[in-house]
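Some notes on the structure that comes next.
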Amino acid sequence: MIVQFGSARIELVLGDITVQQVDAIANAANAQLAGGGGVDGAIHLAAGPKIMEELQRRYPDGCPTGSAVVTSGGNLPSRYVFHAVGPIWQGGGKKESGLLEAAYQACLSLAEKHTCRTLAFPSISTGVYRYPVDLAAEVALRTVAVKLETSDQLDLVRFVLFDQGTFGSYARVLETMLV
């Protein structure tokens, strides 16, 4: 599914973020930048040890929730990995939506800073952090769409979704944004 926003596109695909041919991919990282399971584990496994070494050297204090840091892509096809720390879902009353939005915005800012034209995101915070997928999709897609309406640098933001349920949630939200 591909939708135009400004001069750029949002694309939804079902697949593996580690094989995307884009300038940068976002990683759903933890605040310690210590690697983990899910998307984070898959990215570190595919990228090789170089990005973990880079994270430990450049960001020894980790990364606060709602922020992102950059490393090289290691063995990945992408030049960069933006390690974004989304919030742990606690029922919605702990400013989770604002923190999730900030994590996506931080990645979009890093993309512009590093002159990226293409960027791929996973569904940040919806795995072990238990953020409800429908709510996360609304925050993610709205944040990206607003940025693309005014960006003259980004051409494509791709959401690479791991399973059919997550893809369906994102597709439903994206369809409502077109009405």
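The values are calculated or read from the model by the stated rules, or taken from the named source; none is laboratory data. Computed from a predicted model, the values in this text were never measured in an experiment. Note that we place each Cβ from the backbone using ideal geometry, even for glycine, and neighbour counts take in every protein chain shown. Just the protein is used for accessible areas: all its heavy atoms, side chains included, with ligands, DNA and RNA removed. Shrake-Rupley method; radii C 1.70, N 1.55, O 1.52, S 1.80 Å.
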If the requirement is being in a loop (DSSP other than H, G, I, E, B), aliphatic (A, V, I, L, M) and modelled with pLDDT of 95 or more, which of these qualifies: 31, 42? 31
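Each row is one residue, and each column tells you yes or no for (1) more than 24 Å from residue 169 (Cα to Cα); (2) open to solvent by less than 30 Å² (accessible area, probe 1.4 Å); (3) polar (S, T, N, Q); (4) out of contact with any Ser or Thr (no Cβ under 6 Å at 6 or more places or on another chain).
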position	(1), (2), (3), (4)
19	no, no, no, yes
24	no, yes, no, no
56	yes, no, yes, yes
68	yes, yes, no, yes
77	yes, no, no, yes
94	no, no, no, yes
With the first residue restricted to region 2-21 and required to be farther than 20 Å from residue 150 by Cα and among the β-branched types (Val, Ile, Thr), and the second required to be surrounded by fewer than 16 Cβ atoms within 10 Å (Cβ to Cβ) and modelled with pLDDT of 95 or more, Cβ contacts under 7 Å at 6 or more apart or on different chains are 19/77
How many residues does region 97-124 hold that are closer than 16 Å to residue 17 by Cα, outside any helix (DSSP H, G or I) and either among the acidic types (Asp, Glu) or open to solvent by less than 10 Å² (accessible area, probe 1.4 Å) (or both)? 5
What's the total number of residues in region 157-167 that are touching a strand residue (DSSP E or B) at 6+ places or on another chain (Cβ under 9 Å) and open to solvent by 10 Å² or more (accessible area, probe 1.4 Å)? 6
